[in-house]
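Below: the structure, in structure tokens.
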Amino acid sequence: MNEAQEKLVERLTEKYTAINQDVNVHLDGLVWAKQITYWDYIQTEALLGLQIQRTNLPDEMVFIMYHQINELLFKMILWEMEQVAHTENVTAPKFTKHLNRISRYFDMLCSSFTIMGDGMDVDQYMKFRNALTPASGFQSAQYRLIEFGSTELINLIDFRFRATIDRNTPYSHAYEHLYWQAAGKDYKTGKKSPLVQNFENKYKNFFLQKMEEYNTLNLWTKYKALPEIEKNNIDLKNAMRHYDHTVNILWVMAHYKAAGKYLDSGPKKAEATGGSNWHKYMHPQYQRRIFFPDLWSEEELKNWGVDNLEGCKKL
């Protein structure tokens, strides 16, 4: 055994001794272990077996795979977000690194709408969508977690009710006034559509837990708690502005325009599969959803969601 191998055995012995394990047992296990392969590691067969169509229309497969890819990217975003949320005394460079990763994923999501927008025949979509009712992309739990992890709850409250809610408001009350409730709730009667009812039956208790967890760990609160020198880091500020603009204008408008291509294409405008008032629910000018409001000028806030606001200027 050469010197390099001896040092490697020493390191392995230290590792397993620290957890009360016999290093010899683990070394013997290596003798019998199978070689790793790409398909086993990625679980390719399982992954490719997850696309189950409800109709025989070919373009439904595009629709399914596109949304599954979205969910994988959402998981990657949450993975990066957690590394900021649960790091004590996070530094500006680390904060910026993870925000830039998150933004790259959302940049990818924004540009990907042409895959769905130009990758499905309108007549096929208008047929298979009826087999999906009342399901909707609205019911992405991971996307709601991204929102909870990005900003303080007040910035996710329906714009009409923000003046009545503060940090002392019970989470259950705040939940009933989140902006996306407008997609399927009659505020006069309190009645909710099957779209929202099904969503809440599955996730409401989980969401309430996450709302409380992220109350002090969301990106905006973590940023505001930084020392002034870290808070004024120009790279971090620009990373936050880029993320905010990308998610709440570019991503939303790309989704809005893709939906409009299909739902507004016929002689009679169609509802979303969940029956939501998607025009008002989705458009950024209506809800004025802004994760990091203090990082924007009065003029930028005034023009939030204007269609010709294509870029996010750096500070």
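Things to note:
- Within segment 255-276, not a single residue is modelled with pLDDT of 85 or more and either more than 22 Å from Ser150 (Cβ to Cβ) or not in a loop (DSSP other than H, G, I, E, B) (or both).
- Checklist (1) small (Gly, Ala, Ser); (2) modelled with pLDDT under 90; (3) surrounded by fewer than 19 Cβ atoms within 10 Å (Cβ to Cβ) applied to Ser193, failing item: (2)
- Residue check, Tyr187 among the aromatic types (Phe, Trp, Tyr), open to solvent by 40 Å² or more (accessible area, probe 1.4 Å) and over 19 Å from the mean Cα position of the chain (by Cα): yes
- Counted residues, segment 280-315 - those being open to solvent by 60 Å² or more (accessible area, probe 1.4 Å) and either at pLDDT 90 or above or within 17 Å of Ala182 (Cβ to Cβ) (or both): 6
- Taking segment 200-243 as the range and being of a type in the set (Phe, Trp, Tyr) and out of contact with any Lys or Arg (no Cβ under 9 Å at 6 or more places or on another chain) as the test, the residues that pass are Phe206, Tyr214, Trp220, Tyr243.
- Segment 152-172, subset under 23 Å from the mean Cα position of the chain (by Cα) and assigned to a helix (DSSP H, G or I), residue surrounded by the fewest Cβ atoms within 10 Å (Cβ to Cβ): Ser172
- A single member of Tyr179, Tyr214 is at pLDDT below 95 and either open to solvent by less than 60 Å² (accessible area, probe 1.4 Å) or among the small types (Gly, Ala, Ser) (or both), and it is Tyr179.
- Where a residue in segment 28-39 is of a type in the set (Ser, Thr, Tyr) and its partner, wherever it lies, is at pLDDT 95 or above and surrounded by 10 or more Cβ atoms within 10 Å (Cβ to Cβ), with Cβ under 9 Å and at least six apart: Tyr38/Thr44
The values are calculated or read from the model by the stated rules, or taken from the named source; none is laboratory data. Please read these numbers as outputs of a predicted model, since none were measured by experiment. Neighbour counts are summed over all protein chains in view; Cβ atoms, including those assigned to glycine, are modelled from backbone coordinates with ideal geometry. Side chains included, ligands, DNA and RNA excluded: accessible areas come from the protein's heavy atoms. Shrake-Rupley method; radii C 1.70, N 1.55, O 1.52, S 1.80 Å.
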